[in-house]
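Enquirer: I have a structure I would like to understand better, so I am pasting it below and will then ask my questions one at a time.
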Amino acid sequence: MARKLFIAAIIAISLGAPIVELFDSWDQSLQTGSDTEANVAVVALCVGVAFAIGTIVIAGRIRALWSTSAGRVVTTCVAVGDVASVLAPVPTVSPPSVLRV
């Protein structure tokens, strides 16, 4: 839940800062060169990119660990006879009348 709120805050800041910049009159960004809203938006976007890259890296490592450990569990728990019974074809229709006894 905190992750979703964090992402929503980043999106709100990224979209809200330029809108606030349109209507502000308290700072003279052209004369001073200091634009607070743009700085906040850039920081929010950098944090969002870092969060996204971190999520991708962590999810990739979890998937890699899960796939290797799941393969070991399956091979140790399943017997060879069980695999052969699963792979055997199951007849779905009755044989032709010529072969019936």
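Enquirer: Any residue in the stretch 40-53 that's more than 14 Å from L15 (Cβ to Cβ): show its pairings with residues that are loosely packed, with under 14 Cβ neighbours inside 10 Å at Cβ separation under 8 Å, as long as the two are six or more apart or on different chains.
Expert: Qualifying pairs under 8 Å: F51/F6.
Enquirer: Please verify whether A64 is part of a helix (DSSP H, G or I), surrounded by fewer than 11 Cβ atoms within 10 Å (Cβ to Cβ) and either of a type in the set (S, T, Y) or at pLDDT below 90 (or both), treating the condition exactly as stated. Break it down stepwise before answering.
Expert: Details: part of a helix (DSSP H, G or I): yes; surrounded by fewer than 11 Cβ atoms within 10 Å (Cβ to Cβ): yes; either of a type in the set (S, T, Y) or at pLDDT below 90 (or both): yes.
In short, yes.
Enquirer: Let me ask something additional. Considering the stretch 25-50 alone, what residues qualify as being at pLDDT below 85 and surrounded by 13 or more Cβ atoms within 10 Å (Cβ to Cβ)?
Expert: Of everything in the stretch 25-50, those that are at pLDDT below 85 and surrounded by 13 or more Cβ atoms within 10 Å (Cβ to Cβ) turn out to be D27, S29, D35, T36, E37, A38.
The values are calculated or read from the model by the stated rules, or taken from the named source; none is laboratory data. Treat the numbers as computed from the prediction; the structure is a model and nothing was measured. A quick note on method: Cβ atoms are made from the backbone with ideal geometry, for glycine too, and the neighbour counts reach across all protein chains shown.
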